[in-house]
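Colleague: Quick one: structure below, then a few questions.
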Amino acid sequence: MNESVSMTSSRESAVRQDSDLRTAELNPEARLEELASRLTQELETSQQLQQVSIRLMQVAEFPQLLNEILDAAIDISHADMGNLQLLEGGSLKITAHRGFETPFLEFFQLVRDTESACGATLSQGERLIVEDVAHNPIYGTQAREVMLAAGARAVQSTPLISHSGRVLGMFSTYYRESKRPDDRELRALDVLARLAANLIDRKQAEDALRHSEQLFRVVTEASPVLVWMAGTDKLCFYFNKRWLEFVGRTLEQEAGNGWVENVHPDDFDRCLQVYTSCFDTRVSFQMEYRLRHHSGQYRWILDCGVPRYTPEGIFEGYVGGCLDIHDKKEAAEVRHRLAAIVESSNDAIISKDLNSVVTSWNKRAERVFGYTAEEMIGQSILKIIPPELHQDEDMILANIRSGRKIDHFETVRLAKSGERIDVSLSISPVRDEHGNIVGAAKIARDVSESKKLERTLHMTEKIAAAGRLAATVAHEINNPLESVTNFVYLAKISPELPPNIRRYLDYADQELSRVAHIARQTLGFYRDNSRPETLEVSRIVNDVVSIYQRKLENKNISLVRRIDSDLKICAVQGEVKQVLSNLLANAIDASDLDSQISISARRISGVDGRSGVRLIVADRGEGIAPEHKKKLFVPFFTTKKDVGTGLGLWITKELVEKAGGSIRLHSRVGHRSGTAVGLSFWLQNQLPADKVI
Amino acid sequence: MGLLSFGQLPVVDVSWHLLTDVGLKGTAVNESSERRDTALRHPRVLVVDDERLVADTLSEILRRFQYDALPFYNGETAIAAAREQCPDFVLSDVIMPRLNGVETVLKIREICPRTRVILLSGNAATANLLAEAHSEGHDFQLLAKPVHPDELLRHLQ
């Protein structure tokens, strides 16, 4: 056989050359020729491998690369058919083939374990050569039949192992006859396998990277998150669609530092400071700032940035994602504001669920009811409802359940101290986001103070009205009083008046003066020109008693007078008489028939050494009920119904206090237990004798 | 009250006050001494009050004490009387319909600058009227009704 025939010409010629070489072994010349021929063949193989490697390097597409590898393997091994399988998920998959039809391909599409020569090769990571498929026990019956049917009588399989030792797959070349590839072919196949493995490995890695990048783009472009990427120079080179849509700008406008133009001026410095300082220290950051939306509105975003590294750990820059948190933040701000309003409210604001369990309790509620939020939350609202009003809660809940609001419901609640508090309640249903009523919000206004104020106001109005009335009445009373005084005076100065008539007229005159004085004091025209004078207590008492003599007699009341001798006080006579008169009139009204009234007066000395007089008027009536006691000195309060003005004791107190004295009342409820009113006057009110009129 | 007409008041002899002894002014005197001093002029007093009873009784009391007192029931008639003859005193109520007391005495003062004025009032509202008069330089005395005749006589002295 012609040894110069090129191995690369065709697979048929290669097979012929091989048989020619074996016949040439017999003589030395032939041996030399054979060596030269082998050398040539080796050289050709090398050239062939080099050409293959150049070609492979130039292939861009992965499937084409696999086909090229397979073709080269068939060429090198001078085989008739071949296939290339790659390991995918633990199985070998035929990814390129030459000379096989459907039955073979279908049968060997996926090869697992040691079912075939390929499987065996793979499991061992070594080459497998089967010289005669028909007799090799490695095949199962079915596999062998498929092989032989496809014309594959002999086969070699070479594993593709990457630099890192990872088995990537294998290529197999097949012969129609029983045969074994020679060493040169096998060595060349080894070289091809290594080259192919590296190329496949790199291509797969590239594809994986490209795939992952593609995936990254797809994900980020579809993401609701605003994504950016920056290089090691801190400059941003990528913004996803969402970001660009948000700011309404192009990637070119945003790239580099363009994006910071849209950061709110107030956030600008902080934003850049966080960005650069974290960048320099390669730490993740999270910050909130306002970014101008394409609508012109600055919206709050949450920006999270993390450093990016290559698999080898080389810093590549940052990647970040931003969320538009504006609405959430505004809602939170509204919530905080509302919470602050609730907390600082002057009304107690409470919420509860439909089982009356308290769910919130503001600061004011703590103050009004005395319970802290910890003490009340989780507890029943009944804790602050007085037992007799517990049915209120059923009414409230029934209203709330049917979606009705309760406005200004005035009721009473119990504080922790047990004190009852007047409150005005406004209660509204609380709904969840689906509109279901889940509880109630209650605003409780403490109206105790305003109730008190209302009562005081009412009283003041009453007094003011009385004052107006008094002023009007004063004029009407003072004129007839003037006339009567004048008539009495005229009568008094009539000549030849019988002495008893004159005495009566003197009394009448005295009493008229007193009426005039009282009218002035009680009816609003108070221009008291009279001044305090030294008065003998016994005389004053006698004067007053004589006015009431008839009344005392009518009720057959015995009057007991115990008055120290020479007891004097300094006061306005009309006022003292008014006071005594009021007390005596009250005592008579309180006394039953045949009862007793005592009037006593004695000297007293005060703790500071002052001396004075205590005057006591005591009756043996029914006494004064405790609930009336504190109202006794309030104007217009009377227990006498039709006959009382409610002014007597009030005026008495005013007059006594005006004179620097004090008034005390002792009373017990019960038959004949009586009431005693004590007045104390102090003597330093006494004017020097020459000033007394 | 049928009593309220002037005609039913105790009838007083007008000749009384023409006979009053000046030295006994302010105290009740008997008729015989009044008649002795006809030569002396008695202080003339105009008593003005829309309450007829008050005007009448006060005039009556003053006449008993040798004042030439005349009752008037409104400011206008009192002013007319002052025009005829200036009084020594004007004793006037403050609150009256039409011309009030302060207006009345101011008019009289215009006519008779030397006339002394005493105002009587049963109402606190007079304070404003009085303050007005004071601001115009008039120093009127004000007494609260009811005024006891003794006190009034003291003021007239």
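The values are calculated or read from the model by the stated rules, or taken from the named source; none is laboratory data. Every value quoted in this text rests on a predicted model; they were computed, and no experiment measured them. No Cβ is skipped: glycine too gets one built from the backbone with ideal geometry, and neighbour counts run over all protein chains shown.
Colleague: Could you please find all residues in region A:161-195 being farther than 15 Å from A:Ala72 by Cα, in contact (Cβ under 8 Å) with a residue 40 or more places away in the chain and of a type in the set (Val, Ile, Thr)?
Modeller: The one that is farther than 15 Å from A:Ala72 by Cα, in contact (Cβ under 8 Å) with a residue 40 or more places away in the chain and of a type in the set (Val, Ile, Thr): A:Val167.
Colleague: Determine which member of the set A:Lys352, A:Lys328 is at pLDDT 90 or above and not hydrophobic (A, V, I, L, M, F, W, C).
Modeller: Checking each option against the conditions leaves just A:Lys352.
Colleague: Output yes when any residue across region A:546-558 is basic (Lys, Arg), modelled with pLDDT under 85 and assigned by TED's automatic domain parsing to the domain that holds A:Ile616, and no when none is.
Modeller: Yes, the conditions are met somewhere in region A:546-558.
Colleague: Exposed (fewer than 12 other Cβ atoms within 10 Å of the Cβ), more than 14 Å from chain B (Cβ to nearest Cβ) and at pLDDT below 75: is that true of A:His458 in this structure?
Modeller: It is true that A:His458 is exposed (fewer than 12 other Cβ atoms within 10 Å of the Cβ), more than 14 Å from chain B (Cβ to nearest Cβ) and at pLDDT below 75.
Colleague: Tell me yes or no: at least one residue of region A:108-130 is more than 20 Å from A:Ala196 (Cα to Cα), modelled with pLDDT of 85 or more and either in the same structural domain as A:Thr173 (by TED's automatic domain parsing) or not charged (D, E, K, R) (or both).
Modeller: Yes, some residue in region A:108-130 is more than 20 Å from A:Ala196 (Cα to Cα), modelled with pLDDT of 85 or more and either in the same structural domain as A:Thr173 (by TED's automatic domain parsing) or not charged (D, E, K, R) (or both).
Colleague: In region A:497-545, which residues are basic (Lys, Arg), at pLDDT 85 or above and touching a helix residue (DSSP H, G or I) at 6+ places or on another chain (Cβ under 7 Å)?
Modeller: Within region A:497-545, A:Arg502 is the sole residue that qualifies.
Colleague: Filter region A:245-262 down to the residues that are among the aliphatic types (A, V, I, L, M) and within 13 Å of A:Met229 (Cα to Cα) and list them by number.
Modeller: Within region A:245-262, A:Leu251, A:Ala255 meet the criteria.
Colleague: Of all residues in region A:584-643, count the ones that are at pLDDT 85 or above, under 16 Å from A:Leu567 (Cβ atoms) and charged (D, E, K, R).
Modeller: 3
Colleague: Looking at region A:210-230, I want the residues that are exposed (fewer than 13 other Cβ atoms within 10 Å of the Cβ) and have a partner that is part of a helix (DSSP H, G or I) with Cβ atoms under 6 Å, at least 6 apart or on another chain. Which pairs are those?
Modeller: Every condition considered, the pairs that remain are A:Glu221/A:Lys241.
Colleague: A further question follows. Taking region A:596-635 as the region of interest, how many residues are polar (S, T, N, Q) and farther than 28 Å from A:Val515 by Cβ?
Modeller: So the count comes out to 3.
Colleague: Out of A:Tyr298, A:Tyr238, A:Tyr318, report the one residue that is touching a Pro at 6+ places or on another chain (Cβ under 7 Å) and surrounded by 14 or more Cβ atoms within 10 Å (Cβ to Cβ).
Modeller: After applying the criteria, what remains is A:Tyr318.
Colleague: Same structure, new question: Residues of region A:66-81 being farther than 11 Å from A:Leu186 by Cα and β-branched (Val, Ile, Thr), which ones?
Modeller: A:Ile69, A:Ile74
Colleague: Considering each of A:Ser178, A:Ser164 in turn, give the residue that is at pLDDT below 85, among the small types (Gly, Ala, Ser), farther than 23 Å from A:Leu43 by Cα and surrounded by fewer than 22 Cβ atoms within 10 Å (Cβ to Cβ).
Modeller: A:Ser164
Colleague: Restricting region B:64-94 to residues that are within 14 Å of chain A (Cβ to nearest Cβ) and surrounded by fewer than 23 Cβ atoms within 10 Å (Cβ to Cβ), which is modelled with the highest pLDDT?
Modeller: This residue is B:Tyr73.
Colleague: Oh, and also: Quick one: count up the residues across region A:560-575 that are touching a residue at least 60 places away in the same chain (Cβ under 8 Å) and either in a loop (DSSP other than H, G, I, E, B) or under 17 Å from A:Val545 (Cα atoms) (or both).
Modeller: Number satisfying all stated conditions: 3.
Colleague: Can you find a residue in region A:17-29 that is buried (at least 19 other Cβ atoms within 10 Å of the Cβ), modelled with pLDDT under 85, outside the structural domain of A:Gln204 (by TED's automatic domain parsing) and not basic (Lys, Arg)?
Modeller: yes
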